[in-house]
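Below: one structure, written as C-alpha cells.
The values are calculated or read from the model by the stated rules, or taken from the named source; none is laboratory data. The structure presented is a predicted model; accordingly, all values stated were derived computationally and were not measured. In this analysis, Cβ positions are derived from the backbone assuming ideal geometry, glycine residues included, and neighbour counts consider all displayed protein chains. Surface accessibility is based on the protein's heavy atoms, side chains included, excluding ligands, DNA and RNA. Shrake-Rupley method; radii C 1.70, N 1.55, O 1.52, S 1.80 Å.
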Amino acid sequence: MGKWINGSVGRWVVLAVLVSPIVSGRTFELDDSDCERIAMIASDAPRLSWAGYPGVSGYGTGALVFGNSDTRKSAFLIAFPIERIPKGMRITSATLGMNCILNYQNKHRLQVRRIIGDWGDGVSHLYRRTLPEKVPWTKPGAAAIGADRARRATAVVQLKGMGEFSVNVTEDVELWYSQALPNNGWILTLESEGAVNFYAPTWSPGNWRLDVSYEPR
Amino acid sequence: MNYLGKLLGTAIVALCLAAPIKAQKIVALQYIHEKSFPFIAELVAPGASEMALSETIRLVAVTHRGEHASQVSIYSLDETGAPAATEPMALELPRRGPLAAHTTYALGVTFHPTLPLLYVWQDVNATQDQAETFEHLLIFRVAHGKAELVQACGKGSDYAAGRKVGYIAFDDRASRLYFPNLTRMEKGKPVNGIGYFRIGKNGLVLPADGTAESGFMAQSEVAFSLYIPHDNAGGFLPVSDEVIIFAGAAGPISWDQVEARQRFSYVGVWPPARPYRRIAAHPTLSVIYMSLLGTGYVLQLKHAEGYITSNFQATTITGPTSRPVVLGNRKMVAFGAKGQIQFISIDDRGHFLPEFRRAVVSSDDVSALSYSEKFDKFYVAVEKGK
C-alpha cells in the first residue's frame, strides 16, 4: 500500500483531486450578510437608509416593503462583493435569489436594474451617499434612467404568490467581473401598483443570494 | 506525518475547496495574549453597576447594585488621570418629599462636560401612583471633596417608577440632557417614552415657561413610541441636534426630532429576540457599537447623521455584561464580561478586526467601565483591590 501511494500513481491522484474542481468549474455563493452596501430607500422617509416598512410609530426593518403608490415609492439596493471571485475565470451563470413573504396579489412585477453611479454610506431617497459628503441622486429615488440606473432592465420578476424567486443576472456579473463596468449592484423596484414584502437582510439574513458559477478561462 | 497522512490531508483540503464557498457571516476573533495592560486603572467599588467620567474635574462616579444602591461613589484622579490615593466620597442620595421612607437607587450618572456638576438619574421602589412626586433627576455640585444638591426635578405622572435600567446623556453642546423611563397609557395600553431637559449655561435644568420657582417644572421635550423598550435596553447617543440614537429592544433606534414622517426608525438587527442591548459611539467616526447582554454577540454599525446605514458587523465574545466602551486612541472596543474585559481591535473605519485581547479583573459582573482619551486610561470598577 505504502509503495503504491509513494509511486507516481499517488501523485496523479493528488493532482486529480486538486485540479478537478477547477476543471469542472466552481460555484460561488454570496448572500446579503456579505454585502456592506445594502439599503431600502423610500420616498416617504427621504433621509433613511433603512426605510424597511412604515409602522405606527415610525419605520422598521422587520420586513422590506416594496411599495409603489402615491404615498410610498421604495427601492431595495444591494451590491454583492463579487471581487471575491478568483481572478482569471469565465462567468458561466449568475442567479439573483430572493424570498417574498407577503403578497396579496399575483400580478406584481419586480424590476431589477443595474445602478450606474457609486453609492454607499448614508444612501437614501435623496442622496446616493452622505458620507464623507452629500452626493444627491440625479433624480430622487435613483429614478433617473440612464443616469442613476441602467437604461435596460436586467430582469423583471413575476411574483406569483410567495416564496423564493430568482432571476438570471449573468450578463451583469460578467460586466462587473471583467471590469467593463463598475460594480454598483442592483436597484429593485415594484413596477406594478401596490405593495409586497420581502425578508429584511438585517433581521433575517441569507434570503438575498447571488450564486455565481465560473470556470477557468 | 507519513506520506499517506499527507495525501489524505491534501485530499480533505481539496474536497473542502471543491465545495461551494460559504462566505463568512461572523467575524471570527483570534485571541492575542497580552502580558499586561498598563492603561487599565482599577477602582474598588463593590457591586458597581455604571460609571461616569469627567476629564475636566478629574472625577469618576460609580453607581451600585444591592446594599449600596442608594449611593454614588466618587473617586478623584490625579493630574495623569491615575486614581488618587484617597478614599472615595460616598454620596448618599437624599430622601426627599412624601416618598422619603421608600428605598431609592441610582440608575444613571453623568458629568457636565465643562462644569463641576454631577447628574444622577434615580428611581424608587414604589407604585406608579405613589411615585408622581418623586424627583428622578438630582444635580450635585461637586467640589473640594464635597457634593451639594443644587437641583432636583423630573417628576409627574409620566415618569415610570421601579425601573431597572436608566441612562442619561448630554448632547455635544450640553444644552440638552436626555433621560429615559417615561410611561403613559394610550388606548388602554402602556407606551414608553424618552425625553430631554433643556439645560442652561449654568448647567441647571431650565424652568418651563410660566412656572414659579416654588412649583418648579422642568423645560423638556418628550416622545412616546411603541418602539421604546421597557427596561431591557439602554443608552443614548446624541449624534446631532436633530437626531439621537438609542438602544431599542430589536436594535438601534433613531429619534428624528425634526422630520415628523420618520420620527422613529429602528433597524432590527440579527440575532432577533435578544433584547438586552447596550450602545456606545465611537468618539470620532460615524460608528456605533452594541452589546447584547447575556449572549456572546456584539455588533458594529454605521450611521449617517444619526440614521443607521449600510450593513452591520457581528462577532462573538464571552458573554458581555456591559455596554461597549470605545478606546479611540488605542483602536479598540472594550466589553466587560464575567471576571474579565475583552478588547476587540478595530481598524481606521471602526470595523472589527479579527483579534481580541483579554484582561482578567476581580469582578464577577464587569459592567462599570469608562475610558479617557485625554489620559489614555481605562477605568474599571472591581470588587476588591490587588
- Item | chain A: antiparallel DSSP beta bridges as a percent of all, rounded to 5 | 95 percent
- Task: Grab the Cα-Cα distance for B:Lys374 and B:His33, subtract it from 0.36 nm times how many residues apart they are, and report the gain in nm with one decimal.
- Result: 120.1 nm
- Query: Taking chain B as a Gaussian network, where each spring joins two C-alpha atoms under 10 Å apart, which residue of B:Met290, B:Met89, B:Met185 fluctuates the most?
  - Reply: B:Met185
- Query: How big is the charge dipole of chain A about its Cα centre, in debye rounded to the nearest 20, if each Lys and Arg gets +1 on its Cβ and each Asp and Glu gets -1 on its Cβ?
  - Reply: 400 debye
- Query: Beyond 28 Å, what percent of the Cα pairs of chain B remain?
  - Reply: 47 percent
- Residue by residue through the range B:252-263, which ³J(HN,Hα) values in whole Hz follow from phi under the Karplus form 6.51 cos²θ - 1.76 cosθ + 1.60 (θ = phi - 60°), with glycine and proline marked x? x, 10, 9, 9, 8, 8, 10, 8, 5, 5, 10, 3
- Once amide H atoms are placed 1.01 Å from N in the peptide plane, what residues at a sequence separation of 5 or more from B:Tyr371, or on another chain, have their amide H within under 5 Å of its amide H? B:Tyr379
- Task: Taking amide H positions as placed in the peptide plane 1.01 Å from N, state which residues far from A:Asp44 in sequence (5 or more) or on other chains have amide H under 5 Å from it.
- Result: A:Lys73
- When the dipole is taken about the Cα centre of chain B, and only Lys, Arg (+1) and Asp, Glu (-1) are charged at their Cβ, what size is it in debye, to the nearest 20? 1100 debye
- Task: Starting from the Cα of B:Asn125, step 7 Å along the direction of its Cβ; do the same at B:Lys25; then give the gap between the two resulting points in nm.
- Result: 4.3 nm
- How large is ³J(HN,Hα), in whole Hz, for each residue of the range B:97-111 in order, when computed from phi with the Karplus curve 6.51 cos²θ - 1.76 cosθ + 1.60 and θ = phi - 60°, using x for Gly and Pro? x, x, 9, 4, 7, 7, 7, 10, 8, 8, 10, x, 9, 7, 9
- Among B:Pro116, B:Val333, A:Ile82, the residue whose Cα sits farthest towards the positive end of the charge dipole of the protein assembly as shown (+1 at Cβ of Lys and Arg, -1 at Cβ of Asp and Glu, taken about the Cα centre) is A:Ile82
- Query: If you take every DSSP beta bridge whose two residues both sit in chain B, what share of them, in percent to the nearest 5, is antiparallel?
  - Reply: 90 percent
- Could you work out the mean count of beta carbons from other protein chains within 10 Å of each residue's beta carbon in B:252-265? 5
- Task: Using Cα positions and a limit of under 18 Å, work out the lysines in reach of B:Lys384, with same-chain residues fewer than 8 apart set aside.
- Result: B:Lys338
- Query: Going from most exposed to least, what order do B:Lys155, B:Lys384 have by accessible area with a 1.4 Å probe?
  - Reply: B:Lys384, B:Lys155
- Relative contact order of the range B:98-180, defined on C-alpha pairs under 8 angstrom at six or more residues apart (%): 27 percent
- Averaged over residues of B:301-307, the number of beta carbons from other chains lying within 10 Å of each residue's Cβ is 6
- Query: If r is the Cβ-Cβ distance from A:Ile101 to B:Glu186 and R0 is 30 Å, what FRET efficiency results, to the nearest 0.05?
  - Reply: 0.55
- Message: Are there any residues in the range A:180-205 with a reduction of at least 40 Å² in accessible surface when going from the isolated chain to the assembly of protein chains? Probe 1.4 Å, please list them by number.
- Response: A:Thr202, A:Trp203
- Query: For chain B, what does -39500 (n - 2.57) per DSSP helix run (n ≥ 4), summed and divided by total residues, give at 222 nm, in deg cm²/dmol to the nearest 500?
  - Reply: -1500 deg cm²/dmol
- Message: Could you check the spin-label model distance between B:Lys338 and B:Glu355? Points 7 Å from the Cα along Cα→Cβ, value in nm.
- Response: 2.8 nm
- Message: Out of the total accessible area of the range B:202-296 (probe 1.4 Å, heavy atoms of protein only), what percent is carbon and sulfur?
- Response: 53 percent
- Message: Please enumerate, by chain and number, the lysines with C-alpha under 25 Å from the C-alpha of A:Lys87, excluding those fewer than 8 residues away in the same chain.
- Response: B:Lys22, B:Lys25
- Three-way shape call for the protein assembly as shown based on the alpha-carbon gyration tensor, with the a/c threshold at 1.5: oblate
- Query: How large is the helix-only mean residue ellipticity at 222 nm for chain A, computed as the sum of -39500 (n - 2.57) over DSSP H runs with n ≥ 4, divided by its residue count, in deg cm²/dmol to the nearest 500?
  - Reply: -4000 deg cm²/dmol
- Message: Compute, for the protein assembly as shown, the length of the dipole vector about the Cα centre, with Cβ point charges of +1 (Lys, Arg) and -1 (Asp, Glu) only. Units Debye, rounded to 20.
- Response: 1640 debye
- Task: Step through the residues of the range B:182-194 one at a time and calculate ³J(HN,Hα) from phi using the Karplus curve (6.51 cos²θ - 1.76 cosθ + 1.60, θ = phi - 60°), rounding each to whole Hz and writing x for Gly and Pro.
- Result: 9, 8, 7, 8, 10, 6, x, 10, x, 10, 8, x, 9
- Provide the per residue accessible area, probe 1.4 Å, for the range B:72-145, rounded to a whole number of square angstrom. 44 Å²
- Task: Could you work out which residue, out of B:Ala152, B:Ala84, B:Ala233, moves most in a Gaussian network model of chain B, that is, has the largest mean-square fluctuation with Cα springs under 10 Å?
- Result: B:Ala84
- Note on the structure: Amide H neighbours of A:Gly141 at under 5 Å, excluding residues fewer than 5 places away on the same chain, with H built from the backbone geometry, are A:Leu126
- Message: I'd like the antiparallel share, as a percent to the nearest 5, of DSSP beta bridges with both residues in the protein assembly as shown.
- Response: 90 percent
- In peptide A:31-39, what is the residue-averaged number of other protein chain Cβ atoms found within 10 Å of each Cβ? 4
